Amino acid sequence: MSRLALFLLGPPRLERDGVPLRFDTRKILALVAYLAVSRLRNEGAGFTRESLVALLWPELEPSRARAILRRNLSLLRSALEGEGLAVDGQMVGIDPQADLWLDVAEFQRLVRAWEGHAHPREEVCPRCLEDLEAAAALYRGDFMAGYGLRDSAAYDDWQFFQAEELRRDLASALERLARGHSARGSQDSALLHARRWLSLDPLHEPAHRLLMELYARDGQRSAALRQYQECARILEVELGLGPSPETTALYEEIRTRPAAEPGPPPALVPETRDARPARHNLPAQPTPFVGRRGEMAEIQDLLNDPGCRLLTLLGPGGIGKTRLALQVAAELAEASPPGYRHGVFFVSLTPFETAEAVVSAVAEALGYSFHADAEGRTRAAPRAQLLDYVRQRQLLLVLDNFEHLLADGSDSLGFLTGLLAAAPGVKLLVTSRASLKVQGEHVYPLAGLRVPPELSARTAVADAEEALHGYSAVELFLQGARQVRPGFEMGDADLPHVAHICRLVEGMPLGLLLAAAWIEVLTPAEIAAEIQRSLDFLETGLRDVPERQRSIRAVFDHSWRLLDEREREVFAALSVFRRGFTREAAWEVCGAELRDLMSLVTKSLVIAPIPGRYELHELLRQYAAERLDQVAERGQAVRDAHSAHYCAELERWAVELRGAGQQQAMRELDLEIENGRAAWHWAVTRRHVAHLARAVDGIWLYHTWRLRHEEGEAAIGPAATSLEGMDSAEARRLRARLLILWSHFQVEMGRKRPALRAARQGTGLLRDLEQEGHDVRSELALAVIHRARLERYFDPNPLRAKRSYEEAVARYEEVGDRWGLARALAYLGWIAEHLGQYDKARRLCERSRAIRQQLGDRRGMADAMVSLGVICWVQGHLDEAEGLLRESLGIFRELDDWSRVAHAIKSLGEVLVRRGQFENGLALLESSSAIYDDLGQSYGVATLILFLAEARVHMGRYDEARDDALRGATITHENKHRWGEGFALLTNGMVALVRGHGSDALATLQAAADIFSEIKHPENRAWVLGPLGLAALRASNPALAQQSVLQALQTGVDLGAFMAVMYALPAAALLLAEEGAVERAVEVYACASRYGFVANSRWFHDVVERSLAAHVTRLPAETAAAARARGQSQDWKALAASLLPDF
C-alpha cells in the first residue's frame, strides 16, 4: 500500500510515496483536506455526496455540481491508484486502512505530548522541549495558507476556524518553549520563540510582557524598556488604548531595578549562542538517503580535521557526489553544538562559466548583497567584498559540480585559494569529476554503492536473500522501483538479476534509479539483458568512452530507447533549461504537457524537487542536449523558443518590478535568472533585436536591485558590441540603450572613463536617430537621467547634476513615463535636500511618492518616505519623521529587503538622537549596524559609525566616540566620500574640544567646515559652525567665534534647519555670557534646553553649561528664573531669528 502524506500547515500539498501530486483544480485538494481533518476530528467516517456538493459548489445547479464531484473523485482515485479513499454510491471518506500521515495530526500530537508526562502543564521538561520544538518547526504557515475557495463561504468558514485553533495551539507551544528555555538559562532560544509568539498577534500584551522579562533576565534592560514602548505605541495606534496596569507595573519594576541585579538561577542545561542550530540553505531531498554510512563518517572526520580545509569528493557523473555532500552537510548543519557557527551553505556551480559568476553564486547562497557607497558606486570589487564578508566567519561551503571551471582561462581556482587564505574559519566541500590540483586539497575518491556478489540461477533462494541483504545498491534499486510500482517486491527468480543489474552499473546511483524506472515495463531479467546488450555495443562501437563511463552511458541509451517518439522529443528539448523550469515554461518552450512531464518523472529522467518546479540531473541534461543537437534545426528551434519565452518573461518581470507585483517578480527572477541569462545570450548570439529589446529592462533592473553589477555588465556589454554595424533604426536604438545601461554598470563599479565613453556613444547614436526623424524621446530621457548620475558621482559640485535631473523630469513628463518620472523626481529631491532647499525637496519627494503609490511600487514608495523622513527631521518635525520612517520600515520588512530595513532603522535611530533619546537612538543604530554587518555591507556600517560616534559624544562616551570617528574616517577616505570625511572631523573636533585641546579642535572643525563648503552642503557646514565658535572662544579668538555662530544661526534661520540651530544656540549663549549679556544668555540656553538634544547632552553640559553656570551666579535668582521662563516659552526658530541682530 502506498504511503500518503498530506501537508496542510502552510500551502497545502499531497504526496504519494514522497512524490507530490498535482491536480488541475483547487477543489480536489480542498476535498482531501476536508475529509482528512474531519476524520481526525472524529466527525464521521465520511460524508454524503450531497453535503460535499453543497459545501464545495454552492452556486452551481445540483446536477452539474454532482457531475463535477464525480469527475474530481475519478481524477483523485486515478492519482492515488485506487487507494486512500472509501467511495460508494452515497458516501465519500478516507479509507480507514489508508496509510495517511497528516501534519496537522502530528503537530497536535506533539503539542499535547506533555499530557503523558508526570508533571503539571506549567512545567516544561526536556522531553517537552524536544516535542514542542518539533511542533514549532512543523508549523510552516497557517492552515492551508493562500488556498481559500472564493466561491464557497461555508468552506472558507471551516478553514478559518481550523486555522484559528491551530494558531492558538502554536501560541501555547511558543509560550511554553520560551519559558522552558528561559528556565534552563537558554535566553537566546527563549527570545527567539517569544518573538515568534508575539508575531502571531502584536496586540497580545502577555507576549510583550514575556519579552520584557526575557530581555531583562538577559541583561538587556534597554531592550526590555523599548519593548514596553513598542507595546504602548502599537496599542495606541491600533486600539487607541494604553498598556494594562500589569504591563506598566512590569515596566516600572524593570526601569527601577538595579543594573547589577543578578539574572535567573544557574541554567539546568547551560547553553550558549553557539548552541543554536546552524543556518543553512540546503535543499530538501524528496527521498530517504541510502547507504554510504562509512563514507559519511570518513568525510566528517576529514572535515573535523583542522588540517583539512578543502575536501574534494571525486568521481564520475552520476556516482552520487552531490547527494552524499548534501547528506553530510545536513548532518553537520543539525549538529549541536554546531561546528560551523555561521552556517552550512550549498552552491550549485552548474550554470556558471567564470570566476566572477562563482563569486556571485556564493554571495547569493550566503544571502550577501554586494554593496555600493552612498552615491551608488561599488567601490571594492565583488570578490574583495565577499572575502571581507567571510573573513571572520565559520562556514562550510558545499561547491557542487566544479569540474567545468577547471578549464584554462577561468580564475575560479584562484578565488577558492584566496577564499581559504582570507577566511581561516571557512571550509570547502567540493564535488568534481576531476581533482582541483591545488595546494592543501584533500581528495576523497567516490566509488559506487556496495554491490552484491554475482549469483547464479542455481543459488538457493534463502542463500540469495542472505547474499543481497545489507547492500546499499540493492536497497536503492528497490526504492526506485517502488516509486514507479508501489509495493514491488523481488520474486525468487528476480534475486540474481537484481544483483546482476547492480554489478552492471557498478553501483552507480543514477544508473540504478534509471534502471529501476524500467520495472514498469520490464522484468529484472529483461533490464539486465538490455544493459548488457548496450554495454557490448559501447565496448565495440565507442572505444573512446572511458570504461568507468560506459555503464552509465549504457543505461542512458537504453532509457532513451524505452521512450516513445513524443517522450524523446520532450526530454531532448528540456535540456535547454537552466536550474529548472515550470510546467508553463515547458509547455511554451517544448510543447510539453503535464502528462509528458509526469511520464518522465516516473522514469526518473526528470525530478520535481519542489511543487510546481522540475529539473534534470546535470549529466542527464548534457545527454539530452547531445540528443537535441543531433538534429541541428530542432536544437536551434527549441533554443529560439526558449529565448523568446524568457525574453518575454523578462519584459513582464520588468513591468512588475515597477509596480504592485515586484515582490513576486523578484522571487520568480531569483529562481529563473539563469534561464533569463541563457535566453539573453542566445539572443545576443543570434543578434535578435526584438528579443533583446523586450528583455533589456529585466536584465538591467534585476542585476541593479540585487547589486550584481559585474554580471549585469557582462550581459549588457557583449549585447551592445554584437549590434555594432547593424543599420536598422531599431538595432541602433537598442544599441544606444544598451550602451547607456552598460555605462550604468561601469559607474556602479567605479570605472569612470569607460562609463563616460559608453554614455557619450549611446547619446550620440540617439542624436543621430533624432536628426533622421525617429522618435527616441524615451531613450533620450534615460540618457539624460544617466548623465545626471555621472555628473553627481564624478563632480563634487551638485549644480550640474541638478540641471540634468530637471531636464530628465521634463523629458519623462513629455513621454508619459511615470516610473521614470518618479525616479527623476526622487533624485532631484535628493539634490535639493543636499543644497538645503527643504521645501522644494519635500514637494519633489511627495510627488515621487504619490506616483509610486499610484503605480503600486511599494519599494519606491518606501524609498520616498525615507527621504521625506530625513527632510522632516532636518526641519525639526520629529514626530512626522518618525511616523514616515516606521511606515517605510514596515514595507521594507514585508518586501524582505534587509539592506533597506537597515537604512530605515538607521534613520529612525538618527531621529531618536535628535530627540535627545541618545541611549535608544544608539540601540537602533547598533541594530542597523548589526544588519549591515550580517549582510556584509561595510560601506553601510562605515557611514553609520559616524552617527554612532555623534551619539556617543552626547552620551559622554568620548573615547568610544573618537575611536568610531577614526574608523569611519578611514573607510570614507578610502571610498573618497567627502561628506563622511567631514562628519568624522566634526566628531573628532567635538571630542578634542571637551578634552581641552583647543587648538586641535579649532583646526579639525575648520577642516570639517571647509569640506562641507567644498561639496556645497550648507546645513552640515552650519552644524560645524556652532562647535567651531566654541573652539574659537577657547582659543581666545572672539571675532572668529562671533562670525561662526552668526553664520550658523543665519543658515539655520534661512533654511529652517533644526540641527544647525541646536548646535548654534548653546554656543551663542556662552558668547553672550562672555560679553556680559548674562541674562540674555540664560534665556537662550533655556530655549535650547527645551529640546532633548541639548537638555540630555553630556557634551553640552561639559562644554557650555558648566562655564555658563559660573556667569549665572552673578545674577539675582529671580532675574535668572525670569530669563529661563522667557526662554522656555520660545520656539527655536523664532529665538534664533531674534538673535541675529545681537551678533
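The values are calculated or read from the model by the stated rules, or taken from the named source; none is laboratory data. Values in this document were obtained by computation on a predicted structure and should not be read as measured data. Heads up, the Cβs are rebuilt from the backbone with ideal geometry, glycines too, and the neighbour counts pull from every protein chain shown.
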Of the residues in segment 5-28, those that are modelled with pLDDT of 80 or more and among the small types (G, A, S) come to A5, G10
Which residue is farthest from the chain's Cα centre (by Cα), if the candidates are limited to segment 636-655 and must be of a type outside the set (A, V, I, L, M, F, W, C) and buried (at least 19 other Cβ atoms within 10 Å of the Cβ)?
R639
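Would you say H208 is under 24 Å from G921 (Cα atoms) and crowded, with 17+ Cβ neighbours inside 10 Å?
On the way: under 24 Å from G921 (Cα atoms): yes; crowded, with 17+ Cβ neighbours inside 10 Å: yes.
Answer is yes for this residue.
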Segment 186-197: number of residues that are surrounded by fewer than 22 Cβ atoms within 10 Å (Cβ to Cβ) and either in the same structural domain as E130 (by TED's automatic domain parsing) or of a type in the set (F, W, Y) (or both):
0
Yes or no: segment 114-136 includes at least one residue that is under 29 Å from V484 (Cβ atoms) and in a helix (DSSP H, G or I).
no
So in segment 309-342, with the set limited to residues that are in a loop (DSSP other than H, G, I, E, B) and at pLDDT 80 or above, which one is nearest to T417 (Cα to Cα)?
R309
Please tell me if P306 is modelled with pLDDT under 85 and in a loop (DSSP other than H, G, I, E, B).
no
Which of the numbered conditions does S599 fail, given that it passes all the others? Conditions: (1) modelled with pLDDT of 90 or more; (2) farther than 30 Å from H703 by Cβ.
(1)
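Okay, residues lined up against (1) among the charged types (D, E, K, R); (2) assigned to a helix (DSSP H, G or I); (3) surrounded by 24 or more Cβ atoms within 10 Å (Cβ to Cβ); (4) at pLDDT 95 or above:
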| position | (1), (2), (3), (4) |
| --- | --- |
| S999 | no, yes, no, no |
| I1011 | no, yes, no, no |
| P1027 | no, yes, yes, yes |
| L1065 | no, yes, yes, yes |
| G1076 | no, no, no, no |
Expected single match for in the same structural domain as Q1050 (by TED's automatic domain parsing), under 51 Å from the mean Cα position of the chain (by Cα) and among the basic types (K, R) among R1114, R1106, R1124 is R1106
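Residue by residue, here is whether (1) surrounded by fewer than 19 Cβ atoms within 10 Å (Cβ to Cβ); (2) within 25 Å of the chain's Cα centre (by Cα) holds:
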site	(1), (2)
E894	yes, yes
A904	no, yes
G909	no, yes
S929	no, yes
H954	no, no
T970	yes, no
F983	no, no
A992	no, no
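Going residue by residue through segment 1099-1116, is there one that turns out to be closer than 24 Å to R957 by Cβ, touching a Lys or Arg at 6+ places or on another chain (Cβ under 7 Å), surrounded by fewer than 23 Cβ atoms within 10 Å (Cβ to Cβ) and not aliphatic (A, V, I, L, M)?
No.
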Filter segment 460-484 for residues that are crowded, with 17+ Cβ neighbours inside 10 Å and at pLDDT below 80 and give the result.
A464, A467, L468, Q483, V484
Sole miss for R71 among (1) at pLDDT 85 or above; (2) part of a helix (DSSP H, G or I); (3) not β-branched (V, I, T) is condition (1)
Within segment 483-517, can you find the residues that are in a helix (DSSP H, G or I), without any contact (Cβ under 8 Å) to a residue 60 or more places away in the chain and either among the charged types (D, E, K, R) or under 22 Å from A79 (Cα atoms) (or both)?
D492, D494, R503
Flag for Q664 being surrounded by fewer than 23 Cβ atoms within 10 Å (Cβ to Cβ) and either touching a strand residue (DSSP E or B) at 6+ places or on another chain (Cβ under 9 Å) or not small (G, A, S) (or both)
yes
If the Cβ limit is 8 Å and pairs must be 6+ apart or interchain, which residue in segment 79-90 that is farther than 21 Å from R66 by Cβ pairs with which residue that is β-branched (V, I, T)?
G84/I94
Hits in segment 107-137 (condition: surrounded by fewer than 19 Cβ atoms within 10 Å (Cβ to Cβ), touching an Asp or Glu at 6+ places or on another chain (Cβ under 7 Å) and within 15 Å of R168 (Cα to Cα)):
Q108
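Among the residues in segment 1056-1066, are any over 47 Å from the mean Cα position of the chain (by Cα) and farther than 23 Å from V870 by Cβ?
Checking segment 1056-1066: not a single residue is over 47 Å from the mean Cα position of the chain (by Cα) and farther than 23 Å from V870 by Cβ.
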With the requirement that a residue be part of a helix (DSSP H, G or I) and not charged (D, E, K, R), what does segment 291-303 give you?
G294, M296, A297, I299, Q300, L302, L303
Is there a residue in segment 152-170 that is more than 31 Å from the chain's Cα centre (by Cα), of a type in the set (S, T, Y) and closer than 26 Å to E106 by Cα?
yes
Which ranges mark the strands (runs of 3 or more DSSP E) fully within segment 3-63 that have 1 or more residues being aliphatic (A, V, I, L, M)?
3-7, 13-16, 19-21
Unique match (being more than 19 Å from E779 (Cβ to Cβ) and in contact with a helix residue (DSSP H, G or I) (Cβ under 6 Å, 6 or more places away or on another chain)) among A654, A693, A679, A660
A679
Inside segment 235-249, can you point out the residues that are in contact with a helix residue (DSSP H, G or I) (Cβ under 9 Å, 6 or more places away or on another chain) and among the charged types (D, E, K, R)?
E246
Select from segment 529-569 the residues that are assigned to a helix (DSSP H, G or I), of a type outside the set (A, V, I, L, M) and at pLDDT below 55 and list them in ascending order.
F537, E539, T540, G541, E547, R548, Q549, R550
If we keep just the residues of segment 602-614 that are under 17 Å from P509 (Cα atoms) and either surrounded by 18 or more Cβ atoms within 10 Å (Cβ to Cβ) or in contact with a Leu (Cβ under 8 Å, 6 or more places away or on another chain) (or both), which is modelled with the highest pLDDT?
V606
